[in-house]
Structures are given as C-alpha cells and as structure tokens.
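Comments concern the structure below.
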Amino acid sequence: MSNAVVRKTLISLAVAGAATLAQADVVIGVAGPHTGAYAAFGEQLWKGAEKAAQDINAAGGINGEMITLVKADDACEPKQAVSVANRLVDSDGALAVVGHFCSSSSIPASKIYEEAGVIMVTPASTNPTLTDQGLPNVFRVCGRDDQQGDVAASYIVDKLGAKRVAVIHDKDTYGKGLADAMKSTLNAYGVNEVMYEGLTRGEKDFNALITKIRSVDADVVYFGGLHSEAGPLVRQLREQGSKAIFISGDGIVSDEFVSVAGSPEYVDGVLMTFGAPPTSYPSGAKVIKEFRDAGYEPEGYTLYSYTAMQVAVAALANNNLDPIKGAEWLKTHSVDTVMGKKDFDEKGDLTVSDYVMYEWDAQGKYSVVE
Amino acid sequence: MDIVLQQLVNGLTLGSVYGLIAIGYTMVYGIIGMINFAHGDVYMVSSYITAIAIALISALLTFLGFESFLVVIIGTLFLTIVVTGAYGWVIERVAYRPLRNSSRLAVLISAIGMSLILQNYVQLSQGANQQGVPTMLTGALRFHVGDGFVQITYMKVFILIAAFAGMGILTYVIQKTKLGRMCRATQQDRKMASILGIDTDKIISTVFVIGATMAALAGVLITLDYGAFDFYIGFIIGIKAFTAAVLGGIGSLPGAMLGGLILGLSEALFAGLISSDYKDVFSFSLLVLILIIRPSGLLGKPEVEKV
C-alpha cells in the first residue's frame, strides 16, 4: 500500500470512529471478567445488562435517548480493572457503569469513577470495603460479606452444631474478606476455628492442604473464594475420604462449579450462601420467561446485573442524565426492578439484606435449604 | 503418622508431574542453551487435547457399542502425545530454528512471544471459561495406619506408575540407543557432532518433540486427575517445573526428575505440616539455598569455559 492510501484509510477510519461515537446517546459500561478463568460470571453479567438495555431501548430509551453498552474486560485483575475504568470514563464517555464483578477489581475502579463523576452499580461485589470507603457514587444491588458471613456462621453453629470448623480462603479481597467475616461471627458465637489458611488462586492441587484438614479432624470446611478453586478443593476432599461438610459463599454460584469439580456426585451436599432466589420476585416473571424462551437460564448474577442496569438508568433518567445528581437521588428514592423494590442507604448498600442458605444436590443443581 | 505418609503420597504424585514437565526445560537448555518459556503452554495445550481426545474416543466407543476405561485412556495418551509432539516440532521450526545463529536474547524473546501466542490462540479457539473433564476412574486404596488412614485414589496410583514409566523409558532412550547417543553428542559439542555426520537440526527438533511428549504425558495425567483446566494453567506449573529443573541442575536429565520430586515433596510437607499460605515462599527459599551451596544445581555439572 502506498503512503497516500494508508493515510486515506486512516482518515476514513477516524471519521467512522467519530460517527459511531456521535450516534451513541447514552454510554453505559459493563465491566467484569469477560475473559479469563472467571468468564462464566462475566457472561452472567453481560447477559443481564444486555437484556436490560434492549428492553429499556425498546420502551423508548432514557428520555428518548438510546443506551449503548460498552463491554469492558477486567479479567478480575485489579490492574486491568483500573485501566479499563480509565478507558470507560475517558475515551468511551460512559455516564454509568454496571460492574465490576470481583471485589478486588471494583474497589480500585470505584475511585476512578468517583473522580470522573460516574455512577457505579455493581451487581456482585460483596466486600464491605467497597461501600465503606464513603464514595458518593458507588452502589451495589447485592448484599455485603459481613451479612453473608453472619448467615453462614449462625447456620454452622445453630443448624449444624459444628464445633470443628476449618476456614480456607483464596487470599483475594473477596475470598479472604468473606472468610474473615464468617470467622469473626463464628468466634463471637464462642466457636474457634481449628484451622485458618489460604490457598493460591490458579492452582489445582490442594491435596496437601486437604490432608491437613483431615489431620485437624474438621466437621465443617468453610471456603471463601470462587468456583474455579472450590471445584478441585471439594473433589480432592472427597477423594481423600473426608466427609466434612463443605460451605462456601456466592462465589460458587455457577453451573461451572459442577463441571470444574468433575461430576455432580462431588458437589452433592455442598452448602452456599446467596441472596434469596433472584427468580422469585413477581416483577421479574416476564423477563425470566423471555430469557428462558431465548434458551438461556438466568442463573447466578444475571438478574442482579439486569437490576443494576435498571438502577443506573433510573438515576440518569430522573436527573437529566446528570450522574452526580443521579447518585444523590438514588439515596433518597427507591427503584422498581425485576428483583422487587430496591432502596439504598447513605453508603450505597441495600437497606434490606436477604442472604439464605442453598444446598447443591446430586444432580448438580442448587435450591434453598428449608 | 498417617498424616505424614499421606503428605508423602501427595508430594510424590505432584513431584513426579513437575519432573515430567521439567524434562522439557532441561533437555532444551542442555542442547541449545535456551529457556523454552513456551513449554508450560505446551503442557496447557496438551490438557485441551486430552479433553478433546477423551470426547472423541468415548463417542467412537459408544458408537461401536462398548465401554472400556483402558481403551479410552490408552487412546487418549497416544493421541495427546502425538498431537502435542507435533506442536513441539512446529514451535521449534517456526519460532526457534530461524533464530538458531542469533543471540540468546532473541530466542528468549521469541519463546515469550510463542507462550503468549499459544495462550491467546487457545483462549480464542476454545473459550476463556474453566473447562472440566468428567471423572473417569473412581475408587481408592485405603491403608489403615494406627488409628488413621492413608487414602490413595486409583488415579494417583496410575499417575505414579505412568510418570515413572515415562521417565524410565526416556532414560533408556537417552542412555542406550543410537538416538540418545546423537542427542548427547549434540549436547556436548554441536559443531563437532555435525562434523561427525550428525544432523544436529534434526536432533534439536527431536529434543523439542521429546520435551513436548513428556509435557503431554503430564497433561493427560493431571487433566484426568484434577479434571479442571483453563488456558492459563501453563503459567504456574511452568514456573514450578522450571524451578524443579534449576533445582536439579538445568541440563541434567536425572536432575530434572530429582528436582521435581524434591519440589513436590517440600511443597506438600511444608503446606501440610506448617502453612499452605507460605509453601511457595518455602520452595523458592529452598531453591535459593541450594543454588548458594551448589550454583549449578544438585546434579548439574559446573559450567566449563570452552576455549
């Protein structure tokens, strides 16, 4: 190609780029692990947000302006989260962001959104620090790990009557935060853990750790972390002949947990804490039906993501697309979503927490424990 | 007592797999003096090939109307080793041979590039999700020791047998066959070997293929045992296997195997008896300590300046 042709092509590309930006009326970022080991969660996040945006656009958009979604991939890595957050606010001109997924990504990214005056609504980051930072623009439509840890700890003490609890975490913000929250409530009940250790994210061999769990004779293994480590962990636990009850948090709420564990027999009896079934709200019936008609089961965080999008859009729509006013508005107004009416407190947390205990069965499905 | 024995079993199985992968690093270093950073990713590719092979062979067997674990596992081993070996050959041909006479740094960068290419190629073609393989062989041996027990799954027994068999066959090939003699000659002095009529380019290709087949063996064994993998698993295990190779003395074949076993055992014992948070710190401290005392590794020969 001659130089002149190259230059012409570049110019036309630049013009085309500018044109797409001009057409984008309201840009909303969807940030999460779209690739990497946690991409299963990224898919839940994207499906929910995409469906919400389509439904809102079909109903006339935000005050007549259409939503354009921008996918931002952080792969659940804090450094990458910061760089995609900068890209979203600088070059994409996003007014709101639905995301991120992992707490270790959400926390550093939230500061960038705060400086840029962008609303951030996370569907899934449960680490307490996120909203305890006191940033005015940060909201979450899920619970907090201290609430989640409370539910797990009281279940272990009251329902299971367990005395020997091993606490394992993945040394990440979410996993360790959750394990610590559970541990402190457990200690408050007068039960001291028999073991407290971390494993390395990305490894698959936990046999040495499991032999140690066996050696302390634990009745209950509590794991703070995600399904990609929980799967091999529970499988190797059973392979070494331990019958300890395995409990984890909302980091394993994906069908992939079963395939990573190798077979449903290994996840049989695994307990996990997660918000009350997101599909149980009457206001979500229509959306859930449409998802299922399209051949997609809205599992895990899909509807949370839909809800997060509705919250962000409500804030923008009622304040002439001003995200800073929108953030203030959210703290005093409630929003009707597919998961019922949502109210936020001063910090941006939900006013009502609804964690319950679920159990996985031998078919690899989970349901609420009565 | 039962706990210590169980940790020894854990460490031996992990270490034998580290050893298999370390062989690829050490042989390539021995023969052309480069660190093949893409080797961990060759292992990762072999995990995917294992899953594909299992699916293909199981489907074929179902079609023919019978079921046999042995046929599936032997077929998978064969297919994975052949295909991964081909990957090893192509990688050497594409990324390293054109740089044969340039500086070591160029080959090193090329290796890092190859590693990124493999990771992204697998991510794009197979998806970024966690992949799982269904459990094929269940059941375990249980030995009662005192009032406790040591439990070894049949899969772990299989891993130990297959890994040591692989190492044994390779040692035989290198020590006793004509091909092995040519490899050793090329390793000692490439120019002299070529003057004496050895096709050194072919030998170097062969060494890459051998490294890849050992990584493939490890890939099949680990994939069948843990059942879970993604496109990024090559990184951590590659670093560990490289450490094992350095620990045993890079360039030395028995050193790689010994280094793998020591690393696996030290990780398991430290994690099991002291703390799993700091097991990597312990392994790497051990590496530093051994390198201070023996700079060329446990079984490595001190570098002789060639005049």
Condition test on B:Lys191, is it more than 14 Å from every other protein chain (Cβ to nearest Cβ), in contact with a helix residue (DSSP H, G or I) (Cβ under 9 Å, 6 or more places away or on another chain), surrounded by fewer than 24 Cβ atoms within 10 Å (Cβ to Cβ) and over 18 Å from B:Leu179 (Cβ atoms)? yes
Any pair with Cβ under 8 angstrom, 6 or more apart, that starts in segment A:213-230 at a residue that is closer than 21 Å to B:Val4 by Cα and at the interface with chain B (Cβ under 10 Å from one of its Cβ atoms) and ends at one that is crowded, with 23+ Cβ neighbours inside 10 Å and aromatic (Phe, Trp, Tyr): none
Scan segment A:202-212 and give yes if some residue there is over 25 Å from A:Glu77 (Cβ atoms), surrounded by 17 or more Cβ atoms within 10 Å (Cβ to Cβ), basic (Lys, Arg) and more than 10 Å from chain B (Cβ to nearest Cβ), otherwise no. no
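Listed here are the residues, each with its yes/no results for (1) over 19 Å from the mean Cα position of the chain (by Cα); (2) free of Cβ contacts under 8 Å to residues at least 40 places away in the same chain.
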position: A:Ala261; (1), (2): yes, yes
position: A:Tyr266; (1), (2): yes, yes
position: A:Gly269; (1), (2): yes, no
position: A:Phe274; (1), (2): no, no
position: A:Thr279; (1), (2): no, yes
position: A:Asp293; (1), (2): yes, yes
position: A:Gly300; (1), (2): no, no
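Rundown of residues vs (1) in a helix (DSSP H, G or I); (2) at positive phi; (3) more than 9 Å from chain A (Cβ to nearest Cβ); (4) not basic (Lys, Arg), yes/no style:
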{"residue": "B:Ser125", "(1), (2), (3), (4)": "yes, no, yes, yes"}
{"residue": "B:Pro134", "(1), (2), (3), (4)": "no, no, no, yes"}
{"residue": "B:Leu137", "(1), (2), (3), (4)": "no, no, yes, yes"}
{"residue": "B:His144", "(1), (2), (3), (4)": "no, no, yes, yes"}
{"residue": "B:Met155", "(1), (2), (3), (4)": "yes, no, no, yes"}
Looking at segment B:263-287, which of the residues that are more than 15 Å from the chain's Cα centre (by Cα) and under 30 Å from B:Phe208 (Cβ atoms) is surrounded by the most Cβ atoms within 10 Å (Cβ to Cβ)? B:Glu267
Matching residues in segment A:238-264 - criterion: being farther than 28 Å from A:Arg144 by Cβ and more than 7 Å from chain B (Cβ to nearest Cβ): A:Arg238, A:Ser242, A:Lys243, A:Pro264
Taking the criterion of being polar (S, T, N, Q), modelled with pLDDT under 95, over 23 Å from A:Tyr222 (Cβ atoms) and surrounded by fewer than 20 Cβ atoms within 10 Å (Cβ to Cβ), would at least one residue in segment A:109-129 satisfy it? no
Considering B:Ala268, B:Ala228, which residue is in contact with a Lys or Arg (Cβ under 7 Å, 6 or more places away or on another chain), within 12 Å of chain A (Cβ to nearest Cβ) and closer than 29 Å to B:Ala165 by Cβ? B:Ala228
From the list A:Lys176, A:Lys171, exactly one residue is touching a strand residue (DSSP E or B) at 6+ places or on another chain (Cβ under 6 Å), within 14 Å of chain B (Cβ to nearest Cβ) and part of a loop (DSSP other than H, G, I, E, B). Which is it? A:Lys171
Could you identify the single residue in A:Ala85, A:Ala94 that is over 21 Å from A:Thr302 (Cα atoms), over 18 Å from the mean Cα position of the chain (by Cα), small (Gly, Ala, Ser) and outside the structural domain of A:Val151 (by TED's automatic domain parsing)? A:Ala94
Looking at segment B:37-56, can you tell me whether even one residue there is in contact (Cβ under 8 Å) with a residue 12 or more places away in the chain, in a loop (DSSP other than H, G, I, E, B), touching a Lys or Arg at 6+ places or on another chain (Cβ under 7 Å) and away from every other protein chain (no Cβ under 14 Å)? no
Mind telling me which of the residues A:Ala181, A:Ala208, A:Ala153 ends up being within 25 Å of B:Leu137 (Cα to Cα) and either without any contact (Cβ under 8 Å) to a residue 12 or more places away in the chain or not assigned by TED's automatic domain parsing to the domain that holds A:Glu77 (or both)? A:Ala208
Please enumerate the residues belonging to segment A:258-296 that are part of a strand (DSSP E or B) and of a type in the set (A, V, I, L, M). A:Leu271, A:Met272
Subset of segment B:231-264 [at the interface with chain A (Cβ under 10 Å from one of its Cβ atoms), part of a helix (DSSP H, G or I) and of a type outside the set (Val, Ile, Thr)]: B:Phe235, B:Lys240, B:Gly264
Of all residues in segment B:9-36, which are surrounded by fewer than 24 Cβ atoms within 10 Å (Cβ to Cβ), within 14 Å of another protein chain (Cβ to nearest Cβ) and either under 16 Å from B:Leu118 (Cβ atoms) or touching a strand residue (DSSP E or B) at 6+ places or on another chain (Cβ under 9 Å) (or both)? B:Val9
Of the residues that make up segment A:179-194, is at least one crowded, with 23+ Cβ neighbours inside 10 Å, modelled with pLDDT of 95 or more and either within 14 Å of chain B (Cβ to nearest Cβ) or not in a helix (DSSP H, G or I) (or both)? yes
Go through segment A:232-257 residue by residue and tally those that are part of a loop (DSSP other than H, G, I, E, B), touching a helix residue (DSSP H, G or I) at 6+ places or on another chain (Cβ under 7 Å) and not small (Gly, Ala, Ser). 1
Would you mention how many residues in segment B:65-120 are part of a helix (DSSP H, G or I), under 17 Å from B:Ala53 (Cα atoms) and not polar (S, T, N, Q)? 16
Determine if segment A:153-167 includes at least one residue that is out of contact with any His (no Cβ under 9 Å at 6 or more places or on another chain), within 14 Å of chain B (Cβ to nearest Cβ), part of a loop (DSSP other than H, G, I, E, B) and over 30 Å from A:Leu330 (Cβ atoms). no
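The values are calculated or read from the model by the stated rules, or taken from the named source; none is laboratory data. Because the structure is predicted, anything quoted here is derived from the model rather than measured. No Cβ is skipped: glycine too gets one built from the backbone with ideal geometry, and neighbour counts run over all protein chains shown.
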